[in-house]
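Step one of this worksheet: look at the structure below.
The values are calculated or read from the model by the stated rules, or taken from the named source; none is laboratory data. Predicted model only: the values in this text are computed from it and were never measured. With ideal geometry, Cβ positions are generated from the backbone for all residues, glycine too; neighbour counts draw on all protein chains shown. Each accessible area value is taken on the protein alone, full model and side chains, heavy atoms only, with ligands, DNA and RNA left out. Shrake-Rupley method; radii C 1.70, N 1.55, O 1.52, S 1.80 Å.
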Amino acid sequence: MHEPLTGEWRSRLEQNLAAHLGMVRAPDSLWERVEAALEPRETTSVRGSAWRLAACLAVAAAAAAIWFAHRRPESPSTLEAAAMRVHQEFLGHPERLDLRTQSAAELRNWLGENSSLTAAVALARPQPDPDALELVGARWISFQGQRVAAIAYRVGVFPATLLIARARDLEPRQRESLTRKHIVVRNVEGTAWKLFSWETHGQVYALVSSLPDQSQRACVLCHVEPERRQMILRMKFSG
């Protein structure tokens, strides 16, 4: 009988999987089998049901780690490069904003009134806020002839910049570099920044975080639920 994996070995296994396995779409039949395994059956012992539940949860956790923590070695896309440029501009000239606000509701309204873009910025922060997140404001930038929203905020004392664009406004090769709901992570050469990019609900995002440790904390701009926040903080990046 094999010895159970320790936390350290399990972490290494997840990182290796994330580094070497590509993203694929799970067949619909897989989810049917998972749901069937989770349904209680009169002929199944409690111990057997608990084992299947634990196995399903382990698979889901590993899949979540791979979904979130894939790192791409090639050079940044033009949208990611734009995010880094705007982040640098915000660092040097924080006053260059079209909207200066600390209100998530005001930011959402501003986007809605001036574009078809939406920002799922959390309307309410936990109190006290464990991340000390503070909105600074937003501005419009021009990208490939289209207007893109750039949101500036801080996590503690560390700045972060989020770019939001409509996916249909990107060139085809730009969209091919992103997989829906798959977050790509990279280090920014010559800096301590981390760069995240993804596509979901018809919008493309590029996030630059200056946080030196657990840079993924910048994602709590939109995700404040305790369970989601803890999942983000536990994510390990490959590479």
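Brief remarks follow.
- From E106, E80, E95, E74, residue being in a helix (DSSP H, G or I), modelled with pLDDT under 95 and among the charged types (D, E, K, R): E80
- For segment 212-219, the criterion of being open to solvent by less than 10 Å² (accessible area, probe 1.4 Å), hydrophobic (A, V, I, L, M, F, W, C) and under 19 Å from I164 (Cβ atoms) is satisfied by at least one residue.
- Taken over segment 184-211, the residue count meeting the criterion of being within 15 Å of A82 (Cβ to Cβ) and open to solvent by 50 Å² or more (accessible area, probe 1.4 Å) is 0.
- Neighbours by Cβ (under 6 Å, 6+ apart or cross-chain): first from segment 88-102, loosely packed, with under 15 Cβ neighbours inside 10 Å; second among the basic types (K, R): D98/R139
- Single residue of segment 152-205 satisfying the filter (within 21 Å of A138 (Cα to Cα) and acidic (D, E)) that is modelled with the lowest pLDDT: D169
- Residues in segment 116-138 that are open to solvent by less than 40 Å² (accessible area, probe 1.4 Å) and over 28 Å from P212 (Cα atoms): L117 alone.
- Any hit, segment 139-150, residues being touching a Leu at 6+ places or on another chain (Cβ under 8 Å), open to solvent by 60 Å² or more (accessible area, probe 1.4 Å) and not hydroxyl-bearing (S, T, Y): yes
- Selection of segment 138-170 for residues being out of contact with any strand residue (DSSP E or B) (no Cβ under 7 Å at 6 or more places or on another chain), of a type outside the set (K, R) and not in a strand (DSSP E or B) yields Q144, G145, G156, V157.
- In segment 194-219, the residues that are under 18 Å from A120 (Cβ atoms) and part of a helix (DSSP H, G or I): Q216, R217, A218, C219
- Residues satisfying the stated conditions in segment 220-238, i.e. assigned to a loop (DSSP other than H, G, I, E, B) and open to solvent by less than 10 Å² (accessible area, probe 1.4 Å): S238
- When L135, L123 are checked against the criterion of being assigned to a loop (DSSP other than H, G, I, E, B), of a type outside the set (D, E) and within 16 Å of C222 (Cβ to Cβ), L123 stands alone in meeting it.
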